[in-house]
Amino acid sequence: METDAGPQALSSRMATAGLTDDMSFLLARANALSISAGNAAMAPHGLKVRSYSVLALAVSEARPSQRELAEVLRLDPSQVVALVDDLQARGLVIREPDPADRRANVVTATAAGRTLFAAAESSARAAERRLHESLTEEERELLIVLLRRLAFLP
């Protein structure tokens, strides 16, 4: 007999199924929830989490190369090329020769890219607040510190 328990009841029931101490599972599930919320927040801006991430790095003063984008985003270089191609076709980023290595391109945001990023960033932060509303501010700050440590291991 099927019941219409809904997502909350399902999550509560599955939380006792033995994976609550499996850090890889918990990180993967949290990531999936975060990407889903992020993609929903980015949709009105014509972005997804990956393209938003490329735009965020292009807006920064880091002036990343496509190779650096692939490394920091943990994507295949061909995926980065497709993301940059799309953003460039929309007039949001440009590729410029890297002054340090003329064989490489750096990706920088255009004025339109900076404007779109500002609006998208506001949406991303609002989605993040909703997703993490069960955490206190101190827990949220600690989570950021711990995830940053894991994400950028020496």
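The values are calculated or read from the model by the stated rules, or taken from the named source; none is laboratory data. Because the structure is a prediction, the values reported are computed rather than measured. Cβ coordinates were reconstructed from backbone atoms using ideal geometry, including for glycine residues, and neighbour counts include every protein chain displayed.
So that you can scan it fast, the table gives a plain yes or no per residue for (1) within 26 Å of ALA58 (Cβ to Cβ); (2) modelled with pLDDT of 95 or more; (3) of a type in the set (Phe, Trp, Tyr):
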| position | (1), (2), (3) |
| --- | --- |
| ASN105 | yes, no, no |
| THR110 | yes, yes, no |
| GLY113 | yes, yes, no |
| GLU121 | yes, yes, no |
| ALA124 | yes, yes, no |
| LEU135 | no, yes, no |
| GLU139 | no, yes, no |
| ALA151 | yes, no, no |
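Do you know which of the residues in segment 1-36 that are of a type outside the set (A, V, I, L, M), part of a helix (DSSP H, G or I) and at pLDDT below 70 is farthest from LYS48 (Cα to Cα)?
ARG13
Is it the case that segment 37-57 has a residue that's in contact with a Pro (Cβ under 7 Å, 6 or more places away or on another chain) and either under 30 Å from MET23 (Cα atoms) or at pLDDT 95 or above (or both)? Let's see the steps before the verdict.
Applying the first criterion (in contact with a Pro (Cβ under 7 Å, 6 or more places away or on another chain)) to segment 37-57 yields 57.
Add one more test, that the residue is either under 30 Å from MET23 (Cα atoms) or at pLDDT 95 or above (or both), and what stays is 57.
Scanning segment 37-57 turns up at least one residue that is in contact with a Pro (Cβ under 7 Å, 6 or more places away or on another chain) and either under 30 Å from MET23 (Cα atoms) or at pLDDT 95 or above (or both).
Please verify whether ALA124 is in contact (Cβ under 8 Å) with a residue 24 or more places away in the chain, among the hydrophobic types (A, V, I, L, M, F, W, C), in contact with a helix residue (DSSP H, G or I) (Cβ under 9 Å, 6 or more places away or on another chain) and surrounded by fewer than 18 Cβ atoms within 10 Å (Cβ to Cβ), treating the condition exactly as stated.
Here the answer is no, as ALA124 does not meet what is asked.
Among what's in segment 77-94 and is touching a helix residue (DSSP H, G or I) at 6+ places or on another chain (Cβ under 7 Å) and not aliphatic (A, V, I, L, M), pick the residue that is modelled with the lowest pLDDT.
Here the residue is PRO77.
Which residues, taken from segment 90-104, are loosely packed, with under 11 Cβ neighbours inside 10 Å and part of a loop (DSSP other than H, G, I, E, B)?
PRO99, ALA100
Restricting attention to segment 107-120, does a residue exist that is surrounded by 13 or more Cβ atoms within 10 Å (Cβ to Cβ), outside any helix (DSSP H, G or I), among the aliphatic types (A, V, I, L, M) and at negative phi?
yes
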